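For reference, the structure discussed in these notes is given below.
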Amino acid sequence: MGCEPALDLDQAAAMVAPLTELVAKAGAAILAVNREAMAVAGKPDGSPVTEADLAADHIIAEGLARLFPDIPTLSEERLQLARPPYPGRLFLIDPLDGTKEFVAGRKEFTVNVALVIGGKPVLGIVGAPDLGLIWRGLVGRGAERLEVRPDLSIGSVTPICTRAMPLPGAPWIAAVSRSHGDVRTEAMIDARPGAVRIPLGSALKLCRVAEGAADLYPRLAPTCEWDIAAGQAVVVAAGGVVTDSLGGTLSYGGHRPDFIVPEFIAWGDPTAVPRG
């Protein structure tokens, strides 16, 4: 895989439409599941998994195998098949990000598909089926938000971009996890006087940064690569950046045990990133 030919922007751009269609179909499969009657199982790490997770994963797996058979895939629901590390191309998939929100009856769950090349997310599709929205971005080509109709056809398409950091004295707006909090993250937000928190589930937090509705999304606690790879691609394509707490870059493809990302901060304005 390390000797794979480079994928140019035109080739990557040709993948956007079929991947968007896959994400929309996976979202429809999730919505077709009766949340009140479905079984909820627990994974070894304590996180829930439902038939909706598995239905979406099946659609994405079948679609990627048919459309792009030469690119390996890594899904949260098929970790037993993983053979890390992946130094070349890789699809990183979370078929239902925010399962806790889905089980609780909230709309803040997403379908995440990212194309990673050389450890960096370059293309990301994030669908929010219960909101009728898809965010997508190709690094170097920009990002946009799509409205998805009930028949899965695409309605309005709106280009999106991140916003400049707040002027002195203006409050920072921070997207924060509805279900996962930690002391370091809270302290980082508290260091910005008057900061306003927007609690959200799933990769929606990254999408809100990408579309300029939030200034940052910090999570200074471990998460998994498939949770944020697609959203990172959207943020970067929209003009932002995703770093560790010291401004360093993140790497994807299983170079760390269990595909863990120790910490990250999504910044709308790259000039706001602390250095050193």
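The values are calculated or read from the model by the stated rules, or taken from the named source; none is laboratory data. Keep in mind that what you see is a predicted model, and the values were worked out from it rather than measured. Counting neighbours? That spans all protein chains shown, and the Cβs are built from the backbone with ideal geometry, glycine included.
Structure notes:
- Within the stretch 53-131, strands (runs of 3 or more DSSP E) holding 1 or more residues that are basic (Lys, Arg) and assigned by TED's automatic domain parsing to the domain that holds Ile30: 89-97, 120-128
- Residue match in the stretch 70-89 (condition: in contact with a strand residue (DSSP E or B) (Cβ under 6 Å, 6 or more places away or on another chain), buried (at least 24 other Cβ atoms within 10 Å of the Cβ) and either of a type in the set (Ser, Thr, Tyr) or farther than 19 Å from Leu250 by Cβ (or both)): no
- Filter result for Leu90 (within 11 Å of the chain's Cα centre (by Cα), more than 21 Å from Arg219 (Cα to Cα) and in contact (Cβ under 8 Å) with a residue 60 or more places away in the chain): no
- Per the conditions (1) under 14 Å from Leu115 (Cβ atoms); (2) in contact with an Asp or Glu (Cβ under 9 Å, 6 or more places away or on another chain); (3) assigned to a helix (DSSP H, G or I), the sole criterion not satisfied by Val23 is (2).
- Looking only at residues of the stretch 159-169 that are loosely packed, with under 13 Cβ neighbours inside 10 Å and modelled with pLDDT of 95 or more, we find that the one that is nearest to the chain's Cα centre (by Cα) is Pro159.
- Odd one out for Arg184 among (1) crowded, with 17+ Cβ neighbours inside 10 Å; (2) in contact (Cβ under 8 Å) with a residue 40 or more places away in the chain; (3) in contact with a Leu (Cβ under 9 Å, 6 or more places away or on another chain): (1)
- Per this entry, Glu101 is not counted among residues that are surrounded by fewer than 21 Cβ atoms within 10 Å (Cβ to Cβ) and not polar (S, T, N, Q).
- The lone exception for Asp244 - which of (1) of a type in the set (D, E, K, R); (2) crowded, with 18+ Cβ neighbours inside 10 Å; (3) more than 18 Å from Pro84 (Cα to Cα) it fails: (2)
- Output for the stretch 72-86, where each listed residue is closer than 22 Å to Gly118 by Cα and in contact with an Asp or Glu (Cβ under 9 Å, 6 or more places away or on another chain): Leu74, Ser75, Glu76, Arg78, Leu79
- No other residue among Ala143, Ala174 is under 16 Å from Ile265 (Cβ atoms) and either surrounded by 14 or more Cβ atoms within 10 Å (Cβ to Cβ) or hydroxyl-bearing (Ser, Thr, Tyr) (or both) apart from Ala174.
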